[in-house]
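Asks: My questions all concern the structure below.
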Amino acid sequence: MWSRTFAQRLEAWAVLRQQCQDISPELALQKINAWWFTSPWQPYHLHWDDLPTWPDPWQLLDDNIYCSLARGLGIMYTIAMMDRSDIQDSVLAEFASDNLVLVNNKKYILNWDSTTIVNINPGEQKPRHQVTQKQIQLRIQ
């Protein structure tokens, strides 16, 4: 269940990151993906053209509006703030109408399904837009 207040969401997000710090990468990514899929969904909140003004993680949690792109951004912020050496190459990318989070050289695909992370290589595809984990980490400072 998604927390109603900003303080509750902030605390739940901190607990999620702590729980995912010392477990296998696959299990951590599953937990992160599932947690963000409980957020209240609304179509068309963020847009790729507005990337310079996207909210930081705290504003994202405070706004409490999550389209597919905002949910993917939340997943990226979570991964970036954990700073795990085994999941340092995440990319948020737009493919057609999907905003997917690709991790470990595209081995894991998040923000696709609420109950599973896809563990397949989708092959060569050119995203329309993308932002890397390193770019996301610069927004957190």
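Asks: Run the numbers for Asn64 and Leu138: contour at 0.36 nm per residue of separation, minus the present Cα-Cα distance, in nm.
Replies: Gain on stretching Asn64 to Leu138: 24.5 nm.
Asks: Can I ask one more? Going by how many other Cβ atoms sit within 10 Å of their own, how do Thr53, Thr78 line up, fewest first? Write out the running numbers ahead of the final one.
Replies: Numbers: Thr53 8, Thr78 24.
Ranked by crowding around the Cβ, least crowded first: Thr53, Thr78.
Asks: If you don't mind, another one. Spin-label point model (7 Å from Cα, Cβ direction): what's the Asp98 to Asp56 distance in nm?
Replies: About 3.3 nm, to one decimal.
Asks: I need the phi-derived Karplus couplings for the stretch 66-81: 6.51 cos²θ - 1.76 cosθ + 1.60, θ = phi - 60°, integer Hz, Gly and Pro marked x.
Replies: 9, 7, 4, 5, 5, 5, x, 5, x, 4, 4, 4, 4, 4, 5, 6
Asks: Now for a different question. Among Arg71, Arg84, Arg139, what is the fewest-to-most ranking by other Cβ atoms within 10 Å? Write down the numbers at each step before the final one.
Replies: Values: Arg71 23, Arg84 14, Arg139 17.
Exposure proxy ranking, most exposed first: Arg84, Arg139, Arg71.
Asks: Please figure out what share of the DSSP beta bridges in the chain is antiparallel and state it in percent, rounded to the nearest 5. Let's see the in-between values first.
Replies: On the way: 13 of 14 bridges.
About 95 percent, rounded to the nearest 5.
Asks: If you don't mind, another one. Rounded to whole Å and ordered largest first, report the semi-axes of the equivalent ellipsoid of the stretch 10-114 derived from its Cα gyration tensor (root of 5λ). Numbers along the way, then the final one.
Replies: On the way: eigenvalues 82, 52, 30 Å².
Sorted largest first and rounded, they come to 20, 16, 12 Å.
Asks: Under the Karplus relation 6.51 cos²θ - 1.76 cosθ + 1.60, θ = phi - 60°, what is the ordered set of whole-Hz ³J(HN,Hα) values for the stretch 101-115, x standing for Gly and Pro?
Replies: Karplus-based 3J(HN,Hα) across the stretch 101-115 equals 9, 9, 10, 6, 6, 6, 5, 10, 10, 10, 6, 10, 9, 6, 9 Hz.
Asks: Residue separation times 0.36 nm, minus the C-alpha to C-alpha distance between Glu26 and Asp49: what's the value?
Replies: Working: separation 23, 0.36 × 23 = 8.28 nm, distance 3.13 nm.
Roughly 5.2 nm would be gained on extension.
Asks: What's the local net charge at Arg84, with K and R +1, D and E -1, over the other residues with C-beta under 15 Å away?
Replies: Numbers: positive: Arg17, Lys31, Lys107, Lys134; negative: Asp22, Glu26, Asp83, Asp86, Asp89.
Every neighbour counted, the sum reads -1.
Where a number appears in this text, it was derived from the coordinates with a stated rule and is not lab data. None of these values were measured; they are calculated from a predicted model. Every residue, glycine as well, gets a Cβ built from its backbone with ideal geometry; the counts of neighbours run over all protein chains shown.
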